[in-house]
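Take a look at this one; I'll ask things after.
The values are calculated or read from the model by the stated rules, or taken from the named source; none is laboratory data. Since this is a predicted model, take the numbers as computed values, not measurements. Because the Cβ atoms are built from the backbone with ideal geometry, glycine has one as well, and the counts that use them run over all protein chains shown.
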Amino acid sequence: MKTQAVKRIVAIMAGALLLNIFCAYAETAQEDYDQGVKWLDTGVGQDAVDSFTKAIALKPDYLDAYYNRGVAYCMLLVDFEKAIADFTVVIKADPKNAKAYNERGLAYSCTGGSALALADYNKAIEVDPNYPKSYTNRAISYAARKDYDKSWQDVNKAISLGCRVTDDSVEKDECWIGKTFVDRLKKISGRDK
């Protein structure tokens, strides 16, 4: 009888210990992720990547950490291959993530992969037709291909979804289209008359 009771107590204590360890890892992963976001917001790329990498090491299915590490690689460290790899992890786990397709499209466009970029922008729009940043990026991609009518369609769609045309600084996550791009598109497409 006493042996059974001792075994139960040991099992309960072991379970509680494992739960505490798991919760500590989850807390630490969240803390590392939060620190990564702070570094990302302040433009400190390598520290952001390091923080997101720590979060992923503790919680390998932490898709937000992969996504934001991809953003840091792409926008701050200019390591497009690593960005593409991180966005691909997110897309495989969450194929309905329009933002991941859009960001991977940006990374592809920076590596000269214009066909891959366009495919990702198209997929992002298919997944979420109300995500305006995919239209702005696809507009740029179409303009690079000299498909000005499609570029204008996407510019107008992005504006209808709330994007601003500006060369001024914008808030984080705000959708905008560069005024310089729009003016140049007007000129090269013959719509500036």
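Look at the range 124-161 and say how many of its residues are of a type in the set (F, W, Y) and either under 12 Å from C175 (Cβ atoms) or in contact with a Pro (Cβ under 8 Å, 6 or more places away or on another chain) (or both). First the steps, then the outcome.
Looking only at the range 124-161, we keep the residues that are of a type in the set (F, W, Y), and these are 131, 135, 142, 148, 152.
Adding the requirement that they be either under 12 Å from C175 (Cβ atoms) or in contact with a Pro (Cβ under 8 Å, 6 or more places away or on another chain) (or both) leaves 131, 135.
Residues in the range 124-161 being of a type in the set (F, W, Y) and either under 12 Å from C175 (Cβ atoms) or in contact with a Pro (Cβ under 8 Å, 6 or more places away or on another chain) (or both): 2 in total.
While we're on this one: For D168, are the conditions met, namely being in a helix (DSSP H, G or I), among the acidic types (D, E) and either over 29 Å from N68 (Cα atoms) or modelled with pLDDT under 90 (or both)?
Numbers: in a helix (DSSP H, G or I): no; among the acidic types (D, E): yes; either over 29 Å from N68 (Cα atoms) or modelled with pLDDT under 90 (or both): yes.
Against the criterion (in a helix (DSSP H, G or I), among the acidic types (D, E) and either over 29 Å from N68 (Cα atoms) or modelled with pLDDT under 90 (or both)), D168 does not qualify.
Among the residues of the range 76-127, how many are among the β-branched types (V, I, T), assigned to a helix (DSSP H, G or I) and modelled with pLDDT under 95? I'd like the intermediate steps shown before the answer.
Just the residues of the range 76-127 that are among the β-branched types (V, I, T), to begin with: 78, 84, 88-91, 111, 125, 127.
Subset that is assigned to a helix (DSSP H, G or I): 84, 88-91, 125, 127.
If we keep only those that are modelled with pLDDT under 95 too, we end up with none.
Number of matching residues: 0.
Pick out the one residue from E126, E174, E81, E103 that is surrounded by fewer than 17 Cβ atoms within 10 Å (Cβ to Cβ) and either touching a residue at least 40 places away in the same chain (Cβ under 8 Å) or closer than 30 Å to A57 by Cα (or both).
Working: E126 fails: either touching a residue at least 40 places away in the same chain (Cβ under 8 Å) or closer than 30 Å to A57 by Cα (or both); E174 fails: either touching a residue at least 40 places away in the same chain (Cβ under 8 Å) or closer than 30 Å to A57 by Cα (or both); E103 fails: surrounded by fewer than 17 Cβ atoms within 10 Å (Cβ to Cβ).
Result of the check over E126, E174, E81, E103: E81.
Could you list all residues from the range 26-66 that are under 15 Å from the mean Cα position of the chain (by Cα) and among the charged types (D, E, K, R)?
D41, D64
From the list L161, L185, which residue is surrounded by fewer than 21 Cβ atoms within 10 Å (Cβ to Cβ) and touching a helix residue (DSSP H, G or I) at 6+ places or on another chain (Cβ under 8 Å)? Let's see the steps before the verdict.
Numbers: L185 fails: surrounded by fewer than 21 Cβ atoms within 10 Å (Cβ to Cβ).
After ruling out the rest, the residue left standing is L161.
Tally time: how many residues in the range 129-146 are surrounded by fewer than 16 Cβ atoms within 10 Å (Cβ to Cβ) and either hydroxyl-bearing (S, T, Y) or outside any helix (DSSP H, G or I) (or both)?
Residues of the range 129-146 surrounded by fewer than 16 Cβ atoms within 10 Å (Cβ to Cβ): 129-130, 144-146.
Add one more test, that the residue is either hydroxyl-bearing (S, T, Y) or outside any helix (DSSP H, G or I) (or both), and what stays is 129-130, 145-146.
Residues flagged as surrounded by fewer than 16 Cβ atoms within 10 Å (Cβ to Cβ) and either hydroxyl-bearing (S, T, Y) or outside any helix (DSSP H, G or I) (or both) within the range 129-146 amount to 4.
Please pick out the residue among T166, T180 that is in contact with a strand residue (DSSP E or B) (Cβ under 7 Å, 6 or more places away or on another chain), surrounded by fewer than 19 Cβ atoms within 10 Å (Cβ to Cβ) and of a type in the set (S, T, Y).
Values: T180 fails: in contact with a strand residue (DSSP E or B) (Cβ under 7 Å, 6 or more places away or on another chain).
Matching residue, one of T166, T180: T166.
If you check V155 against the conditions, is it under 23 Å from the mean Cα position of the chain (by Cα) and surrounded by 21 or more Cβ atoms within 10 Å (Cβ to Cβ)? Spell out how you get there, then give the answer.
Numbers: under 23 Å from the mean Cα position of the chain (by Cα): yes; surrounded by 21 or more Cβ atoms within 10 Å (Cβ to Cβ): yes.
Yes.
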